Amino acid sequence: MPTTIHTNPGALVAQATLRNVTSALDSVSKQVQTGFRVADARDDASTFAVAQGLRADVQSFGAVQQGLNGAVGLAEVGLAGATAVSDLFQDIQSKLTQLADSSISTEQRSTYNADLQDLANQAKDLISQANFNGTNLLDNTTAVNFIADVNGGTISVTGVDVFTTASVFAASAGALTDAQARQFLNSSSNTLDNFVTATNNALSGISADLRAVESQNNFVAAISDATEKGIGALVDADLAKASSKLQALQAQQQLSTQAITIANQAPSVLLGLFR
């Protein structure tokens, strides 16, 4: 190869190598810094577009879960209220049994009746307090719909009107005679039975809705997690591999720089011919 001061082939080759190494180094450095193999469209436009679509799906799943969490909260509050009312029935039964005894004194009957009225009013208060975000499942029979999936499907939690039957019972649980108390106990009066039945229906119905909502919520969470894993497989960088490659490229960059220096020294040999 002829020696010339106008064109230095060795230096040109070394410069091209340095450019390639620097470009690769920039790419690997970006992976290490961002943690992504595909951080933007410049890295891989088609893969980035797919990842962006999947990220939108994950956000949608998050919105669905937020709605389902609201459904869980509503059902749990309604179930807690129905359970608290159900726990009162033992005390109500006990008071009615005491009132059914014809041998008690007038003073005792008055005390037991007052206790029974307090229990009935307490049941109404518990029902009224079972509110979640402005909705009470124990004072109506309305189905409350919640978003269930990213396609717009819904799932419902349905109320049971326990308050009406509780109010009827409270109105009739005033100054009971022994005969009236026995009517409550032997079911010849439907007032207490209706109250108990409505409460039991609330316990079974709301708990069934709660199980369905929790199952759907868990399913959506599983889909969201799987989608995030899929996004990671598409765009995440292998940091251990990238770090090793980064060190190798840094060494190559240093060698390329030295090669340019050596190649640039070749024309200076010509100076020796003129000494």
### Among 186-195, 204-213, the order from most to least packed when residues are scored by Cβ within 10 Å on average
204-213, 186-195
### Query
Which is farthest toward the positive dipole end of the chain among 164, 219, 247, measuring Cα position about the Cα centre, with Cβ charges +1 (Lys, Arg) and -1 (Asp, Glu)?
247
### Task
Provide the packing ranking of 167-174, 116-123, i.e. peptides ordered by the mean count of other C-beta atoms within 10 Å per residue, highest first.
116-123, 167-174
### Task
Working from Cα positions, state the angle (0 to 90°, nearest 10) between the long axis of helix 162-172 and the longest principal axis of the chain.
20
### Task
Compute the Kirkwood hydrodynamic radius of segment 68-234, taking the inverse of the mean of 1/r over all pairs of distinct Cα atoms, and give it in Å to one decimal.
17.9
### Task
Distance between Cα centroids, segment 29-49 to segment 66-95: provide it in whole Å.
51
### Task
For helix 190-235, report the angle its Cα long axis makes with the longest principal axis of the Cα atoms of the chain; keep it between 0 and 90° and round to the nearest 10°.
0
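Give me the one-decimal Kirkwood hydrodynamic radius in Å for segment 142-202, with the sum taken over alpha-carbon pairs.
Hydrodynamic radius (Kirkwood, Cα pairs) of segment 142-202 is 13.9 Å.
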### Message
If I fit a long axis through the Cα atoms of helix 45-99 and take the longest principal axis of the Cα atoms of the chain, what angle between them do I get, 0 to 90°, rounded to 10?
### Response
20
### Taking all pairs of distinct alpha-carbon atoms in segment 107-150, Kirkwood radius in angstrom
13.3
### Query
Over the chain, what relative contact order in percent results from Cα pairs under 8 Å that are six or more residues apart?
34
### Task
Give, rounded to the nearest 20 debye, the magnitude of the charge dipole that the chain has about its Cα centre when Lys and Arg contribute +1 at Cβ and Asp and Glu contribute -1 at Cβ.
1900
### Task
Give me the lysines in straight-line cross-link reach of residue 241: C-alpha distance below 29 Å, same-chain residues under 8 apart excluded.
30, 229
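Each reported figure results from applying straightforward, stated rules to the coordinates on display, with no laboratory input. In this text, all values refer to a predicted model and were calculated from it rather than measured experimentally. Positions of Cβ are generated from backbone atoms using ideal geometry, with glycine treated the same way; all protein chains shown enter the neighbour counts.
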